[in-house]
Amino acid sequence: MAGANTNVQITDLDFDTIKNNLKTFLKSQDTLKDYNYEGSALAVLLDLLSYNTQYNAYYLNMVANEMFLDSAIQRDSVISQAKILNYTPRSAVAPTATITLTVNQVTSASLTLPKYATFLSEAIDGINYAFVTPESHTVNVVNNVATFSNINIKQGVSSGISYTVNSTQNPSYTFKIPDVNVDTSTLQVTIQQSSTNTSIQTFTRATDVLNLDETSPVYFLQEGLGGHYEVYFGNGLIGKKLTDGNIVQLSYLTTSGTSAYGANSFVIMAPVGGFSNTSITPITSATAGSTKESINSIKFQAPKSYAAQGRAVTKEDYITAMQQNNLGITFDAVNVWGGQENDPPVYGQVFISAKPNGGYTFTDVQKQKLLDLVIKPISVMTVQPTFVDPDYTYIQITANVLYDPKKTTLSSGQLQASIKNAISSYSVQSLNTFNSTFSVTDFNDIVKNVDSSIIANEINIQVQKKIYPNLTIPSTYTLHYGTSLKKGLFQTGISSSPSMLFRNPINLAETISGVYIEEVPSSTGGVESILITNPGFSYQYAPTVTIKGDGTGATATAEINSNGVLKAINITNAGSGYTSAIAVITPQYNDNTGQQGAAVVILTGRYGTLRTYYNNTDNVKTVFNNNAGTVDYEMGVVTLNSLGALNVDNPLGQLTITANPTTTIVSSSYNRIITVDPFDPGAIAVNLTAKTWLITTKKHLCWSVHSYLSSYNQIPTTKILDCFSRLTMNGWNKKVMLCKEQRIFHCITILIQQRMNSYNIL
């Protein structure tokens, strides 16, 4: 029999191979070799044996896969393997919002906001979420008003369960938390002595067994079968052992996780201390929550946690410790670097920057907890860990898209929404983290692939910094954009939004509203270029250009076209020493008709100046402060000098400073994060233009470009007129019978074609 077994091939275990191998084996036997295995009843038995063999092989293969962390796909198997590495997966984490609660008409000297006081949020996707105070707060009452400032409230419902210890029925002293969506960071474990002895002892979660003895009141936490967390206790050697009759009391929050993100409007569900005249001011929206840790995350984090071995030496050790904290603080991203990488170097320090889950920065209290309870206990004694807040650079994207409506079933609104969603999704996947890179090329490709109807697209970007100015004390702000900046002129350069309110320096009793920041290029060098702002008209000869300012030596000459308008102003000598300059355009002495030509001077140099302005009661632009800040174009740094705004016209008090980068690629490092703000509805703008052809005869052809012109308002009027005049002189208007307006439109399309090189313009 042993010899016959050599005819069975077991290298392949699919059904057909198994069946053919069995046939081969039976044909090699004297007893059954003459049977017709395709037509006899024996074929049914072969099918049955083949199926059974295949199922057993598949089962055994799956069992083998589930024995290893890398190949396991069942959560219970992954959890079991993670236990070997002493790794406890993170539970769901309740989002946290910050509010100020004011209680009026209070008659007592003090007032207490109790633990688990319940608040109800605004409806999010049709659902109102419950928030509670994780701890009680007591404040003094001043003038019958009790103010609970900067109170953290967590999304969730207060839950709990009790167990009576019975070593016969539960010898492992393991107690299950029935709620799958428990936030274990809110778990509180107390032990009541017995049903007759109501004395209570609080147990804390054990994270390090080295410092435990037989009396240590600690509990251990693990994820058990079915996704339920379990609490278990010491054995009398490592941790205090429970005795029969003890009552285990578990209290915690059950949370909806990230579903409540963005909630920032709340009402309290019950009077506070019997007083119901309350008002709530939101400070921060609900963020920093998460769902239960995924299988893929467990597979990734468990080996790293084991490798760290409860100490922080390498960069990865610090990141792992941060990710595995048991404080209920979750992260979208963490970055760590040594102080020697700073400029200038800071030796003996390690810097940590972290982005909270769904938010922007951590509170000072959270950062201190992370330092004291997570980082310092495991870090090298000679190294000083320091938290650094993330520095966000926001990308504002404008997509100008030309599409053919005949090639899509989507409406313009649907196509616009699809493009926005594609940009937003790619931003979430590729940005919003440390050490990321924004590339316009990538986003062009994303937009192009949204729908087959898209003919061409152009992505324009601006970079933004968002700050919360101090509205009581004038403060200086230094903004690092992480890329070099273009020079601009007034509102076309660096600008601010929304408007600000300032005190009138001439009359301190008055205020001035509608104040904005704008850019004024300055220089320690010469003239870089002269930009025509008005081409004028009826020039017989090229006018004289005189450059006046605080420098010397700058000269320029003007050119006009055949229609008598300014065509260009060329620099013949850049001069030097200019910090400001103007261009004076004067008709030649024998030119009696040339009028109204105007231009502005763009100066060379690394630095620029910011000023503030407003429109007075006559709607005349008025400068408020000529020295509101500076710009370092090369380094991409904007400094706001002693900004003393009394108010910012924004519900959150947020001021946005927008600039134009010189490059279409923006990268981040250290604590810098590039992101497209998901909370800003204006962060992504999509301008759609439908391709339309108006055809009357073979000789009457024109492409309408009305709606597309808004994206190309930078095309100088002189170029349009020059194009128009050259076509007219060549008799073009006789060959193609178009109206004057249509001929101008055709000129514009030619100029657009030169810039985009993507259209087949007839």
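Could you check the stretch 510-546 and list, in sequence order, the residues that are farther than 26 Å from ALA628 by Cβ and part of a strand (DSSP E or B)?
Scanning the stretch 510-546 gives ILE532, ASN534, PHE537, THR544, VAL545, THR546.
Kindly list, by first and then second residue, each pair from a residue in the stretch 470-482 that is touching a residue at least 60 places away in the same chain (Cβ under 8 Å) and assigned by TED's automatic domain parsing to the domain that holds ALA628 to a residue that is outside any loop (DSSP other than H, G, I, E, B) and of a type in the set (D, E, K, R), limited to pairs with Cβ atoms under 7 Å and residues at least 6 apart or on different chains.
Between residues of the stretch 470-482 that are touching a residue at least 60 places away in the same chain (Cβ under 8 Å) and assigned by TED's automatic domain parsing to the domain that holds ALA628 and residues that are outside any loop (DSSP other than H, G, I, E, B) and of a type in the set (D, E, K, R), the close pairs are LEU479/LYS465; HIS480/ASP391; TYR481/LYS465; GLY482/ARG672.
Out of the residues in the stretch 332-360 that are among the small types (Gly, Ala, Ser) and within 30 Å of ALA286 (Cβ to Cβ), state the one that is surrounded by the fewest Cβ atoms within 10 Å (Cβ to Cβ).
If we take residues in the stretch 332-360 being among the small types (Gly, Ala, Ser) and within 30 Å of ALA286 (Cβ to Cβ), then ALA333 is surrounded by the fewest Cβ atoms within 10 Å (Cβ to Cβ).
Name the strands (runs of 3 or more DSSP E) wholly within the stretch 148-239 that hold at least 2 residues that are touching a residue at least 60 places away in the same chain (Cβ under 8 Å) and of a type outside the set (S, T, N, Q)?
157-164, 182-192, 218-223, 229-233
Evaluate the following for SER297: is it outside the structural domain of GLU122 (by TED's automatic domain parsing), surrounded by fewer than 16 Cβ atoms within 10 Å (Cβ to Cβ) and hydroxyl-bearing (Ser, Thr, Tyr)?
It is true that SER297 is outside the structural domain of GLU122 (by TED's automatic domain parsing), surrounded by fewer than 16 Cβ atoms within 10 Å (Cβ to Cβ) and hydroxyl-bearing (Ser, Thr, Tyr).
Would you mind listing the strands (runs of 3 or more DSSP E) fully within the stretch 389-470 where at least 3 residues are touching a Phe, Trp or Tyr at 6+ places or on another chain (Cβ under 7 Å) and surrounded by 19 or more Cβ atoms within 10 Å (Cβ to Cβ)?
Where strands (runs of 3 or more DSSP E) fall fully within the stretch 389-470 and carry at least 3 residues being touching a Phe, Trp or Tyr at 6+ places or on another chain (Cβ under 7 Å) and surrounded by 19 or more Cβ atoms within 10 Å (Cβ to Cβ), they are 391-403, 454-467.
Scan the stretch 342-399 residue by residue and report those that are within 29 Å of ALA659 (Cβ to Cβ), of a type in the set (A, V, I, L, M) and modelled with pLDDT of 85 or more.
ILE352, ALA354, VAL388, ILE395, ILE397, ALA399
Quick one: would you say TYR129 is part of a strand (DSSP E or B) and out of contact with any Ser or Thr (no Cβ under 9 Å at 6 or more places or on another chain)?
no
Filter the stretch 290-312 for residues that are at pLDDT 85 or above and outside any helix (DSSP H, G or I) and give the result.
Those that are at pLDDT 85 or above and outside any helix (DSSP H, G or I): SER290, THR291, LYS292, GLU293, SER294.
Taking the condition of being buried (at least 23 other Cβ atoms within 10 Å of the Cβ) and over 27 Å from ASN325 (Cα atoms), how many residues in the stretch 89-118 meet it?
2
Quickly run through the stretch 643-674 and pick out the residues that are of a type in the set (Gly, Ala, Ser) and at pLDDT 90 or above.
Scanning the stretch 643-674 gives GLY644, ALA645, ALA659.
So how many residues does the stretch 497-519 have that are crowded, with 19+ Cβ neighbours inside 10 Å and of a type in the set (A, V, I, L, M, F, W, C)?
5
What is the one condition in (1) more than 38 Å from the chain's Cα centre (by Cα); (2) part of a helix (DSSP H, G or I); (3) in contact (Cβ under 8 Å) with a residue 40 or more places away in the chain that LEU60 does not satisfy?
Looking at each condition in turn, LEU60 falls short on (3).
Within the stretch 537-545, is there a residue that is of a type outside the set (Val, Ile, Thr), within 30 Å of TYR468 (Cβ to Cβ) and either outside the structural domain of ILE473 (by TED's automatic domain parsing) or touching a residue at least 40 places away in the same chain (Cβ under 8 Å) (or both)?
no
Return a yes/no flag: does the stretch 389-408 have any residue that is in contact with an Asp or Glu (Cβ under 6 Å, 6 or more places away or on another chain), of a type in the set (Lys, Arg) and within 30 Å of ILE461 (Cα to Cα).
no
Using beta carbons and a limit of 9 Å, which pairs, at least six apart or on different chains, have the first residue in the stretch 66-87 and within 20 Å of ASN325 (Cα to Cα) and free of Cβ contacts under 8 Å to residues at least 60 places away in the same chain and the second one among the aromatic types (Phe, Trp, Tyr) and surrounded by fewer than 19 Cβ atoms within 10 Å (Cβ to Cβ)?
Listed by first residue and then by second, the contacts come to ILE84/TYR306.
Taking the stretch 269-312 as the region of interest, how many residues are of a type outside the set (A, V, I, L, M) and in contact with a Lys or Arg (Cβ under 6 Å, 6 or more places away or on another chain)?
The number of residues fulfilling the criteria is 1.
Checking LYS487 against (1) out of contact with any Asp or Glu (no Cβ under 8 Å at 6 or more places or on another chain); (2) buried (at least 18 other Cβ atoms within 10 Å of the Cβ), which single condition isn't satisfied?
Single failed check for LYS487: (1).
Okay, residues lined up against (1) among the small types (Gly, Ala, Ser); (2) touching a Leu at 6+ places or on another chain (Cβ under 9 Å); (3) not assigned by TED's automatic domain parsing to the domain that holds TYR347:
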| site | (1), (2), (3) |
| --- | --- |
| LYS367 | no, no, no |
| LEU370 | no, yes, no |
| LYS376 | no, no, no |
| SER379 | yes, no, no |
| THR382 | no, no, no |
| VAL401 | no, yes, yes |
| ASP404 | no, no, yes |
| SER418 | yes, yes, yes |
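Has the stretch 400-421 got at least one residue that is within 13 Å of ILE674 (Cα to Cα) and among the hydrophobic types (A, V, I, L, M, F, W, C)?
no
Restricting attention to the stretch 633-642, which residues are surrounded by fewer than 17 Cβ atoms within 10 Å (Cβ to Cβ) and at pLDDT below 90?
Scanning the stretch 633-642 gives GLU634, MET635.
Considering only the stretch 570-580, how many residues are more than 14 Å from THR544 (Cβ to Cβ) and either acidic (Asp, Glu) or assigned to a strand (DSSP E or B) (or both)?
Here the count works out to 4.
Out of (1) at pLDDT below 85; (2) assigned to a helix (DSSP H, G or I); (3) not small (Gly, Ala, Ser), the odd one out for ILE329 is which?
The failed condition is (2).
Could you tell me whether VAL623 is in contact (Cβ under 8 Å) with a residue 12 or more places away in the chain, over 20 Å from GLY536 (Cβ atoms), outside the structural domain of ILE283 (by TED's automatic domain parsing) and touching a His at 6+ places or on another chain (Cβ under 6 Å)?
Answer is no for this residue.
The values are calculated or read from the model by the stated rules, or taken from the named source; none is laboratory data. A quick note: this is a predicted structure, and the numbers were derived from the prediction, not measured. For neighbour counting, all protein chains shown are included, and Cβ atoms are generated from backbone atoms with ideal geometry for every residue, glycine included.
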